[in-house]
Amino acid sequence: MSLYRNSAWFVKGVTEFTRNAFVASSKRFVEKDLEVSVAGRAFMITGANSGIGKATAMAIAKKGGTIHMVCRNKDKAEEARADIVKETGNKEVFVHILDLSETRKVWEFAEAFKRKYKALNVLINNAGSIMSQRDVNAEGLEKSFATNVLGLYILTKSLIPLLEKSADPRVITVSSGGMLVQKLRIGNLQSDRGRYDGTMVYAQHKRQQVVMTEQFAKAHANIHFSVMHPGWVDTPAVANAMPDFHRSMRESLRSPEQGADTVVWLAVSEAAATNPSGRFYQDRRMVSTHLPLAWTHSSALEEQKLMSLLDDLAKTFQPH
Ligand SMILES: NC(=O)c1ccc[n+]([C@@H]2O[C@H](COP(=O)([O-])OP(=O)(O)OC[C@H]3O[C@@H](n4cnc5c(N)ncnc54)[C@H](OP(=O)(O)O)[C@@H]3O)[C@@H](O)[C@H]2O)c1
């Protein structure tokens with residue numbers, strides 16, 4: 001079953017994830033939450049050349065933040081950087097080239113970043129991908145897992161000491177409401193058993209991102225972690241990976257700026273940091289990580305096990 005044919009999820013989506021739903025939610029937003037200067041604060045944003053990531057980088061650059069764009073394609077990244085600098089007048093925008101599916105390179109990048117920079121206030125794990133077919137990286141890991149889960153785990157884990165040294169540190173992960181139809185599964189992390197359905201594999205990874213956020217928050221009390229769903233947003237990822245959905249929903253999809261709104265709020269507002277760490281957000285509000293009456297709850301043991309499996313895998317590829 002494809003993701004958007006799950007009826008409970010689709011009904012929730014139509015009422016909560018669309019452009020109209022964003023407009024309705026935005027009536028309760030507190031405008032002054034975003035009226036802040038973040039000059040002197042450093043923000044790393046993965047996948048910042050496109051869609052939600054670029055809109056986030058643009059909004060934070062406008063508020064004076066230093067932006068570290070982490071992107072896999074140099075030409076696309078430089079083009080996006082030029083747009084951001086031109087529109088905001090902020091020149092503190094730096095491009096770093098990294099393909100998050102390349103596990104060893106994620107370690108190398110994060111360790112080098114830590115050596116070079118004295119501070120990182122906010123990490124925004126935004127990059128994500130849906131694969132149409134199963135593929136593996138140089139380390140033999142399934143590529144979608146390597147990007148959406150292990151890459152995110154290694155980047156976050158490696159940067160935690162730098163975040164901990166920095167003022168008001170935050171980590172925000174862009175998950176997806178698609179995870180609501182998935183229960184955490186730790187027995188098939190490489191998706192090498194059963195038929196490969198890229199959209200459902202992606203939704204499982206988005207569930208794993210929610211669990212990772214909750215676990216990181218428990219382990220690192222001095223960093224504010226959050227994870228969010230941007231709604232249904234008109235971006236290349238949706239157009240390419242879910243063309244039927246994109247075609248039929250096009251008029252109802254949010255703009256990248258609307259999709260980025262909660263990411264920016266979590267990254268810059270004082271209000272967000274007063275909420276407990278480790279929570280899931282939609283339209284600037286903490287929401288449940290499960291649908292009503294859902295079968296998607298997992299045990300504390302399974303959630304801890306995910307972290308220990310990721311830790312073991314990450315260590316296997318850690319440079320010495
Ligand atoms: N759009 C939605 O309706 C929606 C809904 C729920 C969640 N999300 C989440 O929102 C996030 C942003 O996606 P988007 O919708 O804004 O799509 P997008 O415009 O296509 O942006 C995705 C970004 O991730 C980058 N990326 C993908 N794989 C990468 C890798 N291996 N290494 C480094 N960068 C990589 C892409 O780089 P390239 O440009 O080089 O491909 C691009 O910059 C994703 O995590 C997605 O799952 C989106």
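Rule-based calculations on the coordinates, nothing more; no lab input. None of these values were measured; they are calculated from a predicted model. Glycine also receives a Cβ, built like all others from the backbone with ideal geometry; neighbour counts cover every protein chain displayed.
Structure summary
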{"read-out": "Euclidean distance of C-alpha centroids, the stretch 290-306 and the stretch 103-128, integer Å", "value": "29 Å"}
{"read-out": "Theoretical FRET efficiency, 1/(1+(r/R0)^6), r = Cβ-Cβ of ASP312 and VAL287, R0 30 Å, to 0.05", "value": "0.40"}
{"read-out": "Two-site FRET efficiency, GLN190 against ASN73, from Cβ-Cβ distance with R₀ of 35 Å, rounded to 0.05", "value": "0.85"}
{"read-out": "Choice from MET249, MET212, MET228 showing the highest fluctuation, given a GNM over the chain with Cα pairs closer than 10 Å", "value": "MET249"}
{"read-out": "Using a Förster distance of 56 Å, the FRET efficiency for GLU164-SER132 (Cβ separation, nearest 0.05)", "value": "0.90"}
{"read-out": "Segments 51-58, 254-261, 87-94 sorted - mean Cβ within 10 Å per residue, highest first", "value": "51-58, 254-261, 87-94"}
{"read-out": "Top of VAL227, VAL149, VAL14 by mean-square fluctuation, Gaussian network on the chain, Cα under 10 Å", "value": "VAL14"}
{"read-out": "Ellipticity estimate at 222 nm from DSSP helix runs (n ≥ 4, -39,500 (n - 2.57)) divided over the chain, nearest 500", "value": "-14000 deg cm²/dmol"}
{"read-out": "Protection proxy ranking of 95-104, 158-167, 292-301, 190-199 - average other beta-carbon atoms within 10 Å, highest first", "value": "95-104, 158-167, 190-199, 292-301"}
{"read-out": "Relative contact order of the chain, defined on C-alpha pairs under 8 angstrom at six or more residues apart (%)", "value": "21 percent"}
{"read-out": "Contour excess over end-to-end distance, with Cα ends at ALA24 and THR274 and 0.36 nm allotted per residue", "value": "87.6 nm"}
{"read-out": "Sequence-distant residues sharing a close amide H with ARG279 (under 5 Å, placed H)", "value": "VAL227"}
